[in-house]
Amino acid sequence: MLKITDKEFQQLTGYIRSHYGIKLGPEKRTLITGRLASTLAQKGLGSFADYYEHVINDDSGQAVFELLNKITTNHTYFMREPEHFRFFQKQVLPWIRSVAANKDVRVWSAGCSRGQEPYTLAMIMQDFFGKDITTWNTPVLATDISAQALEAAYQGIYGAEEVASLPERWRKTHFQKLDQDKYQVQQALKNELILRSFNLMNEQFPFKKPFHTIFCRNVMIYFDAPTKKKLVKRFYEHLMPGGYLFIGHSESLGRDSEGLSYVQPAVYRKE
C-alpha cells in the first residue's frame, strides 16, 4: 500500500477542510490512506501528490465526489435520537400548522446521509396531518454532499435489521418487502423527499423561502469552530422566526448560538 507523506497529508486534508469544512486530524491518516489506496491503484497514480493533482484538475467534479464518498462515513439509522422525533411530532408540527402560510411546510434534512432521517420525518408528517395531508405541501428537502449517500436514499432499500426499530404499521404502509432481508420505501413516500446534492460550505444558500425546521445532526462534529460558527449563522438566517434547529447530541452550539435559544438537549429555536 502506498504511504502518504506529511506534505501530501497536509495538502489533501487542507483542501478538504477549506472547500468542504471537514476537519481531518493526524489520527485520520491511516483511514485516509486505506480508503484511497484502491482509487490510486485503479487510476494508476504513483503517489498521493499525483492524486491531489488529479482531484483539483478534474473539471467534471467526479474526482472530488469520489474523494468525499471515500472519506465520509454516512453512518445513521432509523429513529436515531428518537426524542427529537417525538419533539418534532408533539411540539414542532402543531406550531407549523398554526403559522404555515398557504399550508407550505418547510423542513430541511441537511446531511441526510442514506435517507433514514428525512424518510422518518416524512412518515411522522403523514401521521400528523392524516387525511388532510393532501391539502398541505409537505415534502422534505434532503441534502448531502455525498453522491453515493444520495443514491442510496433515492433507492430507499434497507436491511431488515435497519427497519426493525420502526413501528410495524410504518413498515406495512410505507415499505415493500423485497425478500427476507430487504425492504424498499414505497414510491408514495419517496415522492415526499426532494433529494439534492449540496455543500454546506457554500457561502450563499440558494433557498428563497426560510424553513420552519432544519435538522443537521451529527454533521458539525467534523467541522472546526470557525466553520461551525459560520454554518450556524447561515442556518439562523434561513430559519423563520420561531423556527427550530436540531443538532446531534454529541454537538453543542455553546456561545455560537447566533440568536438561537436553547430549548432542550440538541434543540434550538430562533428568537
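Observations
- For segment 38-49, a residue qualifies if it is small (G, A, S) and either farther than 14 Å from F9 by Cβ or touching a strand residue (DSSP E or B) at 6+ places or on another chain (Cβ under 9 Å) (or both), and the qualifying residues are S38, A41, G44, G46.
- For segment 171-198, a residue qualifies if it is touching a residue at least 24 places away in the same chain (Cβ under 8 Å) and touching a Ser or Thr at 6+ places or on another chain (Cβ under 9 Å), and the qualifying residues are L189, E192, L193, I194, L195, R196, S197, F198.
- Subset tally (residues that are under 17 Å from the mean Cα position of the chain (by Cα) and without any contact (Cβ under 8 Å) to a residue 40 or more places away in the chain) for segment 153-164: 1
- Filter result (farther than 20 Å from V219 by Cα and of a type in the set (G, A, S)) within segment 1-48: G34, A37, S38, A41, G44, G46, S47
- Top-ranked residue in segment 104-139 [being farther than 28 Å from A63 by Cβ and in contact with an Asp or Glu (Cβ under 6 Å, 6 or more places away or on another chain); ranked as surrounded by the fewest Cβ atoms within 10 Å (Cβ to Cβ)]: N137
- The set of residues in segment 27-44 that are in contact with a helix residue (DSSP H, G or I) (Cβ under 8 Å, 6 or more places away or on another chain) and more than 10 Å from L2 (Cα to Cα) comprises K28, R29, L31, I32, R35, T39, K43.
- Qualifying positions in segment 207-229 - among the aliphatic types (A, V, I, L, M), under 24 Å from R80 (Cβ atoms) and surrounded by fewer than 21 Cβ atoms within 10 Å (Cβ to Cβ): I221
- Scoring N102 on the criteria (1) on the phi < 0 side of the Ramachandran plot; (2) in a helix (DSSP H, G or I) leaves a single failure, condition (1).
All of the numbers you see were taken from the coordinates with simple rules; none came from a lab. The model shown is predicted, which means the values in this text are computed figures rather than measured ones. Neighbour counts run over all protein chains shown; Cβ positions are idealised from the backbone, glycine included.
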